Amino acid sequence: SQQGEEDPQALSIQEGENATMNCSYKTSINNLQWYRQNSGRGLVHLILIRSNEREKHSGRLRVTLDTSKKSSSLLITASRAADTASYFCAPGGNEKLTFGTGTRLTIIP
Amino acid sequence: KAGVTQTPRYLIKTRGQQVTLSCSPISGHRSVSWYQQTPGQGLQFLFEYFSETQRNKGNFPGRFSGRQFSNSRSEMNVSTLELGDSALYLCASSYIPRDRANTEAFFGQGTRLTVV
């Protein structure tokens, strides 16, 4: 498995705005997953996108995957205060997930 | 369905002591992974167990060990605790399909270990 690198490290936006964060990885993958972590809590699975998919939606979340560029993006639309959290990507496809340092998202009310 | 349960939630230990943390996975999940999270090192993989066998291991010293029981519950043990072992320890369980791909991990709330 491999570790993804999230970018930016930190992001602050006004409530209601959209937030975009990116993930880059190095080798080929079967899928890529995004997770959210509220401060001091466990990670929560958000979405899984397979290598043969280019875009996936789940509620206010939109994930894209570009395997040619080895990158993925997570878009959160109409952000809410409750979206304040750290977001991690996990590229891979088997049972061993490894994580980068995440993007710390702060939503300003 | 009950989620992943980690016990205890908080723990304070003294340097040199040992500690055992417990993780009960979601019913039907046979894979359990452990992670250490610190402000400096981020979220690091410790090891993964499947059907009582350790299948993957991260880069941690031998002081960190684990095991899995026949009911899939898992424990991890840290011996001779050091100040640097203070961290949030997270456990995750997964259902592993036959092709072993596309596995979503379900995390517990973690055990916050403080070594003084």
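The table below gives the values:
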item: Carbon plus sulfur fraction of accessible area for chain B, probe 1.4 Å, in percent; result: 46 percent
item: Solvent-accessible area per residue for segment A:25-97 (1.4 angstrom probe, square angstrom); result: 43 Å²
item: In nm, spacing of pseudo-spin labels at A:N38 and B:T38 (7 Å Cα→C-beta vector); result: 2.7 nm
item: Full-extension gain in nm, B:T114 to B:Y10, via 0.36 nm per residue minus C-alpha separation; result: 36.6 nm
item: Accessible surface of chain A [probe 1.4 Å, protein heavy atoms]: carbon and sulfur percent; result: 44 percent
item: For chain A: span of alpha carbons on each principal axis (Å, largest first); result: 39, 27, 20
item: Residue order for A:H57, B:H29, A:H45 - accessible surface, 1.4 angstrom probe, largest first; result: A:H57, A:H45, B:H29
item: Efficiency of FRET between B:E52 and A:T101 - r from beta-carbon atoms, R0 35 angstrom, step 0.05; result: 0.60
item: Cα centre as origin, Lys/Arg/Asp/Glu Cβ charges: segment A:35-91 dipole, Debye; result: 20 debye
item: Shielded by partner chains, segment B:32-48 residues - at least 20 Å² of accessible area, 1.4 Å probe, vs chain alone; result: B:Y35, B:Q37, B:L43, B:F45
item: Eligible lysines near A:K56 by straight Cα distance, threshold 30 Å, same-chain separation 8 or greater; result: A:K26, A:K69, A:K70, A:K96, B:K1
item: Backbone HN-Hα couplings from phi across segment A:62-69 [Karplus 6.51/-1.76/1.60, Hz, Gly and Pro as x]; result: 9, 10, 10, 9, 10, 6, 6, 9
item: The protein assembly as shown: translational diffusion in µm²/s, Stokes-Einstein, Kirkwood Rh over Cα pairs, 4 °C, 1.567 mPa s; result: 72 µm²/s
item: Total accessible area lost when A and B pair, probe 1.4 Å, Å² to nearest 100; result: 1800 Å²
item: 14 Å cut-off, amide nitrogen to a point 7 angstrom out along A:L75 Cα→Cβ, residues in segment A:18-57; result: A:18-22, A:54-57
item: Along principal axes, Cα extents of segment B:5-108, largest first, whole Å; result: 43, 26, 23
item: A:L46 long-range amide H proximity, modeled H, under 5 Å; result: A:W34, A:Y35, A:R36
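The values are calculated or read from the model by the stated rules, or taken from the named source; none is laboratory data. Keep in mind that this is a model prediction, so the values were computed, not measured. Please note: Cβ atoms are built from the backbone with ideal geometry, for glycine as well, and neighbour counts cover all protein chains shown. Remember, those area values only see protein heavy atoms, side chains included, never the ligands or the DNA or RNA. Shrake-Rupley method; radii C 1.70, N 1.55, O 1.52, S 1.80 Å.
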